[in-house]
Every structure is written in C-alpha cells, then in structure tokens.
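Undergrad: One structure follows; several queries about it will come next.
What follows draws every value from the coordinates through simple rules; no lab data is involved. Just so you know, these numbers come straight off a predicted model, no measurement behind them. Methodologically, a virtual Cβ is constructed for each residue, glycine included, from the backbone with ideal geometry; neighbour enumeration extends over all protein chains shown.
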C-alpha cells in the first residue's frame, strides 16, 4: 500500500493533470465543460467518483472524465507499488 507521501504525490499529479489546459474532451477544455454543465443545472458542485465513474449531477461527460481519471489514478498506484515493492511485475 502506498505511503502518505506517495498518495499526496498521486493527488498532486491528478489535480495538475485535471486543471491543465491540455485536459480536453472533444476539443474543448474539460474543466470548462464541467463548469458550463454545472451552470446549466444551477449547481455549485460537480462530483466525480473515480472508483466507479459515476457523477453528480449525472452526465455522460462527467462520467467519462471520472472513468478517465479513475484509470489514471489506478495506473499511477500500480506503478508506485511496483517501484516501492521491488517486485518483478506490477501488482
């Protein structure tokens, strides 16, 4: 299991990637699309569940981004476990 510092590094990388201008969905800035969706529904919070790809409020874009970043997080955790355990293959 990753240590606290490794999880912080993972969280920092996740948020940096998410907020990046290169984070696009169909050619548009994904964060801007989420913001527009929230404005349309008059919501102040959009929640993405990384473990299942669900979102609140429900929306296919939100769910796709939740799935994308969930996969990113799991991939980063597997790489980190591989490096810290010295195993011959990722777990």
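Undergrad: Mind giving me the FRET efficiency for residue 60 and residue 4? R0 is 41 Å, r the Cβ-Cβ distance, nearest 0.05 is fine.
TA: Numbers: r = 35 Å, r/R0 = 0.85.
The calculated FRET efficiency here is 0.75.
Undergrad: Please list, in order, the residues from segment 38-53 whose amide nitrogen is less than 18 Å from a point placed 7 Å along the Cα→Cβ vector of residue 29.
TA: 38-40, 46
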